[in-house]
Amino acid sequence: MGSQGSKTPASWPPSNNKYPLATFAAGCFWGVELAFQRQPGVVATAVGYVGGKKDSPTYEQVCSESTGHAEAVQMTYDPQQVEYSKLVDLFYSRHNSTTPNRAGNDVGTQYRSGIYYHTEEQKQTAEQKKSQIKGSVTEIAPCHKFWPAEEYHQQYLEKGGRIGRGQSAAKQCNDPIRCYG
């Protein structure tokens, strides 16, 4: 795992996708992805990069803060099982959106809080939810392009990270999410 895995970008979105997309940035993408994997109604997830100026950035480039991207999670979800507003609530529950460019011990512009919408309805929901959080610095912007991260980053915590201790991605699992690189 870790940097030992494939550096080839993951294939995304699923070729047979019939569901809407949702895209969120809330710090290190591994723990955020696992939280969304556990959410009933989320069909598939991918981690990657959004909001930057370089095509096909690598993890190392994004971490250098030279590309302007944020680490993000994009997902497909079934709106018959989960409303977009519930996904936004989960997003806000995973980080402190009042601290710019930081999530826990991770500091840098790639760790900024962001909701990257795909429809006008998603934009309106994002703005309404943000307005309920005093001092929120969450960036709300259209999702022009999502670059999937390298394959070894996908479902990283479920696969066990670099120490090989996989965490459950079962729907409604409420085990603590332990983030390790």
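Could you order peptides 29-40, 103-114, 118-129 by the average number of other Cβ atoms within 10 Å of their residues, highest first?
On the way: 29-40: 22.5, 103-114: 19.7, 118-129: 15.7.
Highest-to-lowest ranking by the protection proxy: 29-40, 103-114, 118-129.
If only Cα atoms are counted, what is the Rg of segment 69-153, and what is its Dmax, in Å?
For segment 69-153, the Cα radius of gyration and maximum Cα-Cα distance read 13.1, 37 Å.
If you wrap a convex hull around the Cα atoms of segment 13-59, how much volume per residue is inside, in Å³?
Details: hull volume 4.6 nm³, N = 47.
Once divided by residue count, the hull of segment 13-59 is 98 Å³.
Among the listed pairs K86/K159; K18/K123; K86/K129; K7/K54, which are separated by more than 19 Å between their Cα atoms?
Values: K86/K159 26 Å; K18/K123 21 Å; K86/K129 10 Å; K7/K54 17 Å.
Pairs exceeding the cut-off: K86/K159; K18/K123.
Among Y117, Q154, Q172, flag the residue with its Cα farthest along the positive direction of the charge dipole of segment 84-179, charges on Cβ as +1 for Lys/Arg and -1 for Asp/Glu.
Looking along the dipole axis, the top candidate is Q172.
Carbon and sulfur together cover what percent of the accessible area of the chain at a 1.4 Å probe radius? Don't skip to the end; give the middle numbers.
Working: 4030 of 8900 Å².
Of the solvent-accessible surface of the chain, carbon and sulfur hold 45 percent.
Under a 10 Å cutoff between Cα atoms, tell me which one of A22, A170, A44 has the largest fluctuation in the Gaussian network model of the chain.
A170
Nearest 20 debye, what's the magnitude of the dipole of segment 90-181 about its Cα centre given +1 on Lys and Arg Cβ and -1 on Asp and Glu Cβ?
With Lys and Arg at +1 and Asp and Glu at -1, about 260 debye.
How big is the shadow of the Cα convex hull of the chain, averaged over all directions, in nm²?
9.7 nm²
Report the residue, chosen from S93, S131, S56, that carries the largest GNM mean-square fluctuation when the chain is represented by alpha-carbon nodes joined by springs under 10 Å.
S131
Under 25 °C and 0.890 mPa s, how fast does segment 2-85 diffuse according to Stokes-Einstein, given a Kirkwood radius computed over C-alpha pairs? Answer in µm²/s, whole number. Don't jump to the answer; show the numbers that get you there.
Details: Rh = 13.8 Å.
For the chosen part, D equals 178 µm²/s.
Distance from a point 7 Å along Cα→Cβ of S93 to each backbone N in segment 153-181: keep the residues under 20 Å and list them by number.
157-158, 167-179
Determine which aspartates and glutamates satisfy two conditions relative to K53: a Cα distance under 15 Å, and not lying fewer than 8 residues away in the same chain.
Of all the aspartates and glutamates, those that pass the test against K53 - Cα under 15 Å, at least 8 places apart if same chain - are E65, E71.
Report, in deg cm²/dmol and to the nearest 500, the calculated mean residue ellipticity at 222 nm for the chain, where each DSSP H run with n ≥ 4 adds -39500 (n - 2.57) and the sum is divided by the residue count.
Working: 5 runs with 40 residues, N = 181.
When only DSSP H runs of four or more count, the value is -6000 deg cm²/dmol.
Report the extension gain between K53 and E127 in nm, rounded to one decimal, defined as 0.36 nm multiplied by the number of residues separating them, less their alpha carbon distance.
Numbers: separation 74, 0.36 × 74 = 26.64 nm, distance 2.40 nm.
My answer for the length gained is 24.2 nm.
About its Cα centre, what dipole magnitude does the chain give when the only charges are +1 on Lys and Arg Cβ and -1 on Asp and Glu Cβ, stated in debye to the nearest 20? Write down the numbers at each step before the final one.
Working: 19 positive and 17 negative charges, 51 e Å.
The dipole magnitude comes to about 240 debye.
Skip the ligands, DNA and RNA, and give the accessible area per residue of segment 1-130 with a 1.4 Å probe, whole Å².
45 Å²
Quote the relative contact order of segment 55-181 in percent (integer), defining contacts as alpha-carbon pairs under 8 Å separated by 6+ residues. Mind dumping the intermediate values first?
On the way: 122 pairs, mean separation 27.1, N = 127.
Relative contact order for segment 55-181 comes out at 21 percent.
Compute the distance from the alpha-carbon center of segment 151-181 to that of segment 42-111, in whole Å.
Cα centres, segment 151-181 to segment 42-111: 17 Å.
What nm distance separates the two modelled labels at I163 and K18, each placed 7 Å from Cα along Cα→Cβ?
For the pair I163/K18, the computed spacing is 4.2 nm.
The values are calculated or read from the model by the stated rules, or taken from the named source; none is laboratory data. Given the structure is predicted, the values throughout are model-derived calculations rather than measurements. Backbone-built Cβ (ideal geometry, glycine too); neighbour counts: all protein chains shown. Note: accessible area is taken over every heavy atom of the protein model, side chains too, but ligands, DNA and RNA are not part of it. Shrake-Rupley method; radii C 1.70, N 1.55, O 1.52, S 1.80 Å.
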